[in-house]
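Contents: one structure, followed by commentary.
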Amino acid sequence: MITDIFYKRYPHIFHFYDGVPREITVFLRQGAQILFQDLKPFVGDIEKLCKTAYLKLVREIGHGIYNGRNAEEICSGALFESYDLWNNAHGSSEQFTQYRFSLLELLMAEVEAEFKRPNSSSGFKLFKKSHSESGVQPDHRIDTFLKAVQELNHRMREARIPFHYHSGLFQYGTDQVTESQVHEPFWAIVQDQKWQNIDMDIKEAIDRRDQKGRDAALYALKALESTIKIISDDNGWSRGTERGAANYIDNLVSAANGRFIDVWESEHLKVLFRDIRNPHGHGPGSAPQPALSQHQENWLIECSMIWIKSLVRRT
């Protein structure tokens, strides 16, 4: 099975002139401590988890990166290891770093997948509900994992590493304020299974933007449209005759439905779909291909995330 790893998404992101910077070495060791000190006590079988993550890495890059007696020792040793220019097995300092970022990402993703797996001994939902609603006792593993992710992202910002972790992936970040006020709350909100399509489409939008691919903004607006549809359906406002996003927005703004959003909000949402999604989502024929600048794409992705965060929090 093909695995999407950091090394393949960002093959040329690091450019070093004199080995691996100390800040990155320290961060990787901090990531290992988060995994093997903070999260390990809540993992059912750490050896099995490490083996799964490491074998995925080996399959994608074609070789191992560290020798050890068992999978846990291999993974922790690789993350704690220092780069050695004279060690041919380390390759370039950039590859050395990318492989270990990929391993850390895979390990975090495996932990998250185990914790979210239904009916597992350590399973839990990362989307928080009040205990009175769910009827279950509080699970401290939820807070432990969310705090681990929060610390991991904080450590990256401290090391001036322009990435953040969410939902099993390291993705390229923007600025610290946007990360803390937009990205982190957004990913926390869409962890619930109900919002999985939104999660997938925003990830795709960010990946396409980072790879300078086409249609990044369309995927962001696709996620926003899905959010609007889910809210309309869940509240029983959908009639089955809707022909597009505008009709679902009408369901949300309808006074008969309690005015879930205000009129000015509905107008703003309709502009996004009318003036951006529709022209870019249809073939232009012989007319010039519509295009957005990088700044416009960034704005649309972040705008969609803000809208989704706002709408979901009202439910």
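When the listed pairs K40/K116; K48/K222; K203/K229; K56/K203; K40/K309; K40/K212 are checked against a 27 Å cut-off, the alpha-carbon distance exceeds it for K48/K222; K40/K309; K40/K212.
Once C-alpha pairs closer than 8 Å and six or more residues apart are averaged by separation and normalised to the residue number of the chain, the relative contact order reads 15 percent.
When peptides 148-160, 268-280 are sorted by average Cβ neighbour count within 10 Å, with the highest value leading, the order is 148-160, 268-280. Taking Q98, Q289, Q37 in turn, the Gaussian network model of the chain (Cα-Cα springs below 10 Å) assigns the largest fluctuation to Q289. Once you order the gyration tensor axes a ≥ b ≥ c over the Cα atoms, which shape class does region 6-173 get: rounded for a/c under 1.5, otherwise prolate or oblate by comparing a/b with b/c? Cα axes put region 6-173 in the prolate bin.
Give me the distance between the Cα centres of region 184-245 and region 17-43, rounded to whole Å. Cα centroid to Cα centroid, the span is 33 Å. Each Lys and Arg Cβ is given +1 and each Asp and Glu Cβ -1; about its Cα centre, the chain then shows a dipole of about 420 debye. Sorting the segments 224-235, 252-263 by their residues' average number of neighbouring beta-carbon atoms within 10 angstrom, most packed first, yields 224-235, 252-263. For the chain, hydrophobic long helices are taken as DSSP H runs at least 24 Å long by C-alpha position along their axis with mean Kyte-Doolittle hydropathy of -0.5 or more; these are 93-116, 216-234, 294-314. A DSSP coil position with no more than 16 other Cβ atoms inside 10 Å describes the following chymotrypsin sites (Phe, Trp or Tyr not before Pro) in region 1-91: F16, Y17, W86.
Rule-based calculations on the coordinates, nothing more; no lab input. Keep in mind it's a predicted model, so treat the numbers as computed, not measured. Virtual Cβ from ideal backbone geometry, glycine too; neighbours counted across all protein chains shown.
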